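Following: one structure in structure tokens, then a few remarks.
Please treat every number below as a calculation from the coordinates, not as lab data. Treat the numbers as computed from the prediction; the structure is a model and nothing was measured. Because the Cβ atoms are built from the backbone with ideal geometry, glycine has one as well, and the counts that use them run over all protein chains shown.
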Amino acid sequence: MSMHIKSLYLKNFRNYDEVHFEFGPRLNIVSGPNARGKTTVLEAIYLLMTGRSFRSSRLRELIKHEKSEFFIELTFFKFDVEQTLRFAYNGSQRKVFHNHTSISSTTSLIGLIPGTLMIPDDVSMIKGQPRLRRRYLDIQLAQGDPLYVHHLARYQKAMINRNFLLKSKVTKSIDVWEQEMARGAGYIAAGRHLALESLQRHCGILLSKISANKEEIKLEYKSQCSNQESDTFKFYSDMYKKMRSREVAFGSSLIGPHKDDLLIFINEKDARYFSSEGQAKSCVAAMRFAEWEYLRDQTNEIPLMLIDDLGVSLDFARRFQLLDHLNSLGQVFVTTTESVDHFVNENCRRINLT
């Protein structure tokens, strides 16, 4: 039996006082009018997948109005063993448990239940800021490789300290932080380059399917450090020294994976400037499904697929191709305001929020 979520219990979470959901191991359709809490179901699952909400950076905003705390309990099967995750927050203190073991940091949740989330706002990943595309890479890499989380966290911490010294124009002890950044930067850049090879392969197949062979995609990782560098540590160490005087003037670090970007081309044109709305949506869908394929390969598990508001994600023709692809995945959660009759099959669990 592949990994899947069995049930979800919410108390004082968003608009829910108290609710219990039972899920099927394949396709789960959460339907109903707007403002009924469909997205909240996905948000709770995602919170226990990654340790953070995709709708808010503040846990306090997840507490139901006029309540003082929220509680989530999720039961899932992994390696044919039933397991439980519990997440409680009282406005100031967070408590997380995996079975009966307390988890001190939410980063420990990453990779425990691997999965992919697709939301309508994902279209901004195509035409928006580079940080959105870096985050797309980082989330999947973190789920498939615990060391990636470690190096990313240490890199970010070292950069904060280096930036403080740069702003203060005090460089006496800056070498320590540059060495730490160089170690992390090499690992991060190498991971992103490798991930892109898998994503490119799967994206090409998936976008061709979704667009009925009308579109081709090319992904390119833009970095100061090429994937041909044999010694990334030396490259970044040398660059930090070389750029130091200029960065003192700017008061921030100008070199490193925090400045890299993922370039996306559709039919050989830069998608940031030349893609139509339909092309951008198709591209996002292909990238999210490619992410799912990457996670399956990296974790040797069947990841979850979460899709919020399917009705606005693709036009009907492209949606039909996407729905056909869902049948080849493991456990899938889809929210929609539309009729779900065309979803229904023997593997589908319907949850109607009226």
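Here are the numbers for the structure shown:
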quantity	calculated
Eligible aspartates and glutamates near LYS64 by straight Cα distance, threshold 12 Å, same-chain separation 8 or greater	ASP17, GLU18
Linear extension gain, LYS78 paired with THR101, 0.36 nm per residue minus alpha-carbon span	6.6 nm
Partner lysines for LYS218 [C-alpha distance under 17 Å; skip if fewer than 8 residues away on the same chain]	LYS127, LYS209, LYS269, LYS281
Region 109-152 versus region 1-56: alpha-carbon centroid distance in Å	19
Partner lysines for LYS241 [C-alpha distance under 20 Å; skip if fewer than 8 residues away on the same chain]	LYS157, LYS167, LYS169, LYS172, LYS259
Counting DSSP beta bridges with both ends in the chain, the antiparallel % (nearest 5)	70
Among 258-267, 160-169, the order from most to least packed when residues are scored by Cβ within 10 Å on average	258-267, 160-169
Nearest-0.05 FRET efficiency for SER339 and LYS157, computed from C-beta distance (R0 41 Å)	0.25
For peptides 40-46, 196-202, 108-114, sequence by mean Cβ density within 10 Å, most packed first	40-46, 108-114, 196-202
Sites matching GluC sites (Glu not before Pro) across region 63-108 that sit in DSSP coil, with at most 14 neighbouring C-beta atoms within 10 Å	GLU66
Per-residue Cβ neighbour rank within 10 angstrom, fewest leading, THR84, THR335	THR84, THR335
Charge dipole magnitude, Cβ of K and R +1, D and E -1 - the chain, Cα centre, debye nearest 20	1300
Fewest-first ranking of LEU62, LEU206, using other Cβ atoms within 10 Å as the exposure measure	LEU62, LEU206
Scattering curve values for region 121-286, log₁₀ I(q)/I(0), Debye with Cα scatterers, q = 0.11, 0.15, 0.17, 0.21 Å⁻¹	-0.51, -0.84, -0.99, -1.28
For the chain, projected area of the alpha-carbon convex hull averaged over all directions, nm²	19.3
Difference of contour (0.36 nm per residue) and Cα-Cα distance, ASP297 to GLU22	96.2 nm
